[in-house]
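Colleague: Could you have a look at this structure, given as structure tokens, before my questions?
The values are calculated or read from the model by the stated rules, or taken from the named source; none is laboratory data. All values derive from a computational prediction rather than experimental measurement. All Cβ positions, glycine included, derive from the backbone under ideal geometry; neighbour counts span all protein chains shown.
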Amino acid sequence: MTRLTNHCPETAEPNAAAPQPRRKRFWLLAGAAVVVASLAACAPGQHHRGDGPMGHSGQMDPEAMGRRVDKGVDRVLSDVQASAEQKQKVGAIVRQAIADLAPLRDKHRTARKSAVDLLAAPTIDRAAMEALRAEQMQLADQASRRMTQALADVADVLTPEQRVKLKERLERRMTRRWW
């Protein structure tokens, strides 16, 4: 069922709410995630064959992940004329962020299995479902805080001019990819 909204300003309700701060925060965090993920990106399709940083078991191979991060950082930061020292620092920041986020990823996987089990139970335990939801929101908050920290650390390494170039590169990529 689709909900129709009135987009005409003349007939809109006078008490119509403005965009929620949560939505703005979501898009800000999504942008931060795009930057960190872009820095850790590597050749398209590599991770689908089981020979990337995540094998068929889904376990992170630190050596492969390090190579992936280095390749992605080099590719992204070459576009902004980053020095070798800057690339090294950013690579270390991204690798540490990935390592810090790995336990949260594992907890999310476990919670996903728990959600499926809760849905398959003979009776629905709404309290358990709510507790699981609340736990997942806490994990998401922890992850977004860590990603924001990594993003700020990367920004500290780059010059203002490089950050502007990186922003332009990411905008081009997002437009090509998502629109």
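Colleague: Given the condition modelled with pLDDT under 95, within 20 Å of Gln86 (Cβ to Cβ) and out of contact with any His (no Cβ under 7 Å at 6 or more places or on another chain), answer yes or no: does some residue in region 131-147 qualify?
Modeller: Yes, region 131-147 has at least one match.
Colleague: Here is a check on your reading of the model: is Arg126 under 22 Å from the mean Cα position of the chain (by Cα) and at pLDDT 90 or above?
Modeller: Considered against the rule, which asks whether it is under 22 Å from the mean Cα position of the chain (by Cα) and at pLDDT 90 or above, Arg126 comes out as no.
Colleague: Please name all residue pairs, on different chains or six or more residues apart, with Cβ atoms under 7 Å, provided the first residue is in region 104-121 and is closer than 13 Å to Ala140 by Cα and the second residue is assigned to a helix (DSSP H, G or I) and among the small types (Gly, Ala, Ser).
Modeller: Sorted first by the residue in region 104-121, then by its partner, the pairs are Leu104/Ala143.
Colleague: May I pose another question? Out of curiosity, is Asp153 in contact (Cβ under 8 Å) with a residue 24 or more places away in the chain and closer than 26 Å to Ala64 by Cα?
Modeller: Taking the combined requirement at face value, the residue satisfies it.
Residue by residue, here is whether (1) acidic (Asp, Glu); (2) farther than 21 Å from Leu151 by Cβ; (3) out of contact with any strand residue (DSSP E or B) (no Cβ under 9 Å at 6 or more places or on another chain) holds:
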site: Ala84; (1), (2), (3): no, yes, yes
site: Leu101; (1), (2), (3): no, no, yes
site: Asp106; (1), (2), (3): yes, yes, yes
site: Arg109; (1), (2), (3): no, yes, yes
site: Lys113; (1), (2), (3): no, yes, yes
site: Pro122; (1), (2), (3): no, yes, yes
site: Leu132; (1), (2), (3): no, yes, yes
site: Gln136; (1), (2), (3): no, yes, yes
site: Leu139; (1), (2), (3): no, no, yes
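Colleague: Report yes if some residue within region 52-61 is over 19 Å from the mean Cα position of the chain (by Cα), within 23 Å of Arg146 (Cα to Cα) and either modelled with pLDDT of 55 or more or basic (Lys, Arg) (or both); otherwise report no.
Modeller: Taking every residue of region 52-61 in turn, at least one turns out to be over 19 Å from the mean Cα position of the chain (by Cα), within 23 Å of Arg146 (Cα to Cα) and either modelled with pLDDT of 55 or more or basic (Lys, Arg) (or both).
Colleague: Could we say that Val80 is more than 15 Å from the chain's Cα centre (by Cα), surrounded by 12 or more Cβ atoms within 10 Å (Cβ to Cβ) and assigned to a helix (DSSP H, G or I) here?
Modeller: Against the criterion (more than 15 Å from the chain's Cα centre (by Cα), surrounded by 12 or more Cβ atoms within 10 Å (Cβ to Cβ) and assigned to a helix (DSSP H, G or I)), Val80 does not qualify.
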